[in-house]
Amino acid sequence: MTDIQYVAMSKDTKKAGSAKKSGCCCCQSLALALLTACVVVVVLAGITVVSAFSIIGYPWHASCQADWTFGKPCQEVMTSIVDQMRAWEGEDGCAAGGEKCLYQLISASGDTVTGTHTTPVSHYVDELTFTFVNGSATGACRMQGYSRSKTWYAYLDKGTNFCNMKNLIVGSGLDQADPMYSENTSDSVCTQYSSADCEKY
């Protein structure tokens, strides 16, 4: 091999090496660009979802937080809620329409009552928690209620989680003949509260 041929081959080898390096750089740049694009898409999607929830104004998951005040001792209120849950344990209440049935009492201890409610048609299960706080100065009782769908993808519930709790109050008569009775909640913490139909749900 002559010196001229060797020099030519060396130049060709260097060019090939440079081309490979250039190709690798291009691949890395493309991968980085794709990764950046994916991150941007995910961020924008997240912002869109958050904005949608903000516009609609409901909790992220089908649920309801609500407070009620009663002009009677908490022990009396707690007993009324427990008794009503037990009265509506079976399917008998379903026959009359609505969902005043299929409650299950899990526990009643201290100042807390827990249970579940199953919808009679689709058999969705909602978890219920009631916490009772005595008002020492007024003698009133504040009941903090929370109902949440166990179905992981549930978002809208037609006010069912609110009705899970309100039906117990109405069924037990706790909302009657009580000048101190009040209810406090909103769509922002209670899914579809403003359009809830507790005669149906």
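Computed from the coordinates by the stated procedures, all read-outs in this text should not be read as laboratory data. As the structure is a computational prediction, the values presented were derived from the model and not from experiment. Glycine also receives a Cβ, built like all others from the backbone with ideal geometry; neighbour counts cover every protein chain displayed.
Descriptive notes on the structure:
- Across the range 110-120, coupling constants 3J(HN,Hα) worked out from phi with the 6.51/-1.76/1.60 Karplus curve, θ = phi - 60°, read x, 10, 9, 10, 10, x, 9, 9, 10, 6, x Hz, and Gly and Pro carry x.
- For V82, net neighbour charge (Lys/Arg +1, Asp/Glu -1) across residues whose Cβ lies under 13 Å away: -3
- Summing +1 for each Lys or Arg and -1 for each Asp or Glu among the other residues whose beta-carbon sits under 13 angstrom from that of T151 gives -1.
- Estimated translational D of the range 57-201 in µm²/s (Stokes, Kirkwood radius over Cα pairs; 37 °C; 0.692 mPa s): 217
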